[in-house]
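Down below is the structure, laid out as structure tokens.
The values are calculated or read from the model by the stated rules, or taken from the named source; none is laboratory data. From a predicted model like this one, the values you see are computed outputs, not experimental measurements. Note: ideal-geometry Cβ built from the backbone for every residue, glycine included; neighbour counts use all protein chains shown. With ligands, DNA and RNA removed, areas are computed over all heavy atoms of the protein, side chains included. Shrake-Rupley method; radii C 1.70, N 1.55, O 1.52, S 1.80 Å.
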Amino acid sequence: MPSRRSPIDLIANVTALDRAAGLVRDAVHKVLQPGAVKNALHGVWLGHALHPALAQMPLGFFTAATALDVIGDQDAAAKRLIGLGIVTSVPAATTGLADFAEGHEEQQRIGIVHATLNTVALGCYGASLVQRARGRSGTASSLLGCVISVASAALGGDLISRHAMGANHAAEVPHTGPDDWHELGLVNDFTTDRPARRMAGLIPVMVIKQSTGFTVLYDECSHMAAPLHDGELDTVEGERCIVCPWHGSAFRVDDGAVVHGPAIAPQPVLDTEIREGVLYAKVRTFAGVPAS
Ligand code: FES
């Protein structure tokens, strides 16, 4: 059976897009520094990426407006829907740009095409409004905008489903980690405040030895699977954190909670036990319910 490649994979490999993507990424990084606003745009406060939810609004308003144009005799309602679509495009685009800037190359290539198509669709709907204000039909522009919007939405869906943008890269840990105590090494072999990588059965974990005891976290960052043990232990917003070496997400050492995005999902913490000078870990179950 030949492997099937999505046509969108072709876009992901077009290196000619890197220059444009890099310009946008650098501009976003200049404006958006780590902190409350950046966290809010990524959806850290919600524990869920904000852009996919907000993007439904302009897409829905625009599509509904075009549907009314096709039905006919609904010009006033279509104009209001287009207006709502234009207004709600602003938060959708802002959150999208924040996520885009923290993606990897393939994601950013698709992302820059996605953003460009959305901008063109927005222009079509804007033109449709202007045409209506001048007493002409805006249906053709609205239809064109709808087609482009839907194509762009397909790219957005592909970014999430095939290219794992915004996915939780640590979601499988409760199912793949050891559900019984797994030996990680002699307590004395770990150095205080120096994260160390070990394998706990099938999964890589990061052991952090502190003066107060041990914490064991899944080692691959929930944002995009960077090796967290290569990150820095630091105090962020007053919390002891491990800071991801790739995009700077900060996870609270004690419980893996996200203190700074772009990660939106917490880093899984394993239960630990010390017996006869040996450190053991196993996956943490939720309220005593074992993972399947
Ligand atoms: S991989 Fe992106 S913040 Fe860790």
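With a Förster radius of 41 Å applied to the beta-carbon distance between ASP179 and GLU105, the computed FRET efficiency rounds to 0.65. Distance between the pseudo-spin-label points of ALA76 and SER137 (7 Å out from Cα toward the beta carbon): 2.1 nm.
Which Cα, out of CYS241, LEU97, LEU81, lies furthest along the positive dipole direction of the chain (beta carbon charges, K/R +1, D/E -1)? So the residue we want is LEU81. This model, with +1 at the C-beta of Lys and Arg and -1 at the C-beta of Asp and Glu, gives the chain a dipole about its Cα centre of some 1240 debye. Descending by average beta-carbon neighbour count within 10 Å, the peptides 178-186, 124-132 line up as 124-132, 178-186, the highest first.
Based on every Cα atom in the range 39-135, Rg and the maximum pairwise Cα distance Dmax equal 15.2, 46 Å. Rolling a 1.4 Å probe over the protein heavy atoms of the chain, with every protein chain left in place, gives an accessible area that is 59 percent carbon and sulfur.
Taking 29 Å as the straight-line reach from the Cα of LYS209, the lysines in range (excluding those fewer than 8 positions away in the same chain) are LYS282. For the chain, which DSSP H helices look membrane-span-like by this rule: Cα extent along the axis of 24 Å or more and mean Kyte-Doolittle of at least -0.5? Qualifying helices: 75-100, 105-133, 139-161. When you work out D = kT/(6 pi eta Rh) for the range 83-211 at 37 °C and 0.692 mPa s, using the Kirkwood radius from C-alpha pairs as Rh and the Stokes-Einstein form, the result is 175 µm²/s. Computed on the Cα atoms alone, the convex hull of the range 177-290 gives a volume of 101 cubic angstrom per residue.
Straight-distance candidates among the lysines for linking to LYS30, with alpha-carbon spacing under 22 Å and chain neighbours fewer than 8 residues away dropped: LYS38. Using Cβ point charges alone (K and R +1, D and E -1), the dipole size of the range 7-161 about the Cα centre works out to roughly 580 debye. Here the simple spin-label model places points 7 Å from the Cα toward Cβ, and for LEU186 and TRP45 these points are separated by 5.0 nm. Computed extension gain for THR119 through THR94, at 0.36 nm per residue and net of the alpha carbon distance, reaches 7.8 nm.
Taking amide H atoms as placed 1.01 Å from N in the peptide plane, the amide H of LEU184 lies under 5 Å from those of LEU279, TYR280, ALA281, each 5 or more residues away in sequence or on another chain. With 0.36 nm allotted per residue and the present C-alpha distance subtracted, the SER161-ARG5 stretch has 54.8 nm of extension available.
Summarising the label geometry, the points placed 7 Å from Cα in the beta-carbon direction at LEU233 and ASP193 lie 0.7 nm from one another. Taking every protein chain into account, the accessible area of the chain amounts to 51 square angstrom per residue (probe 1.4 Å).
For the chain, the calculated P(r) over all alpha carbon pairs, in 5 Å bins from 0 to the bin holding the longest distance, is 1, 5, 11, 13, 13, 12, 11, 10, 8, 6, 4, 3, 2, 1, 1, 0, 0 percent.
Among PRO7, LEU23, CYS124, flag the residue with its Cα farthest along the positive direction of the charge dipole of the range 7-161, charges on Cβ as +1 for Lys/Arg and -1 for Asp/Glu. My answer, from the dipole projection, is CYS124.
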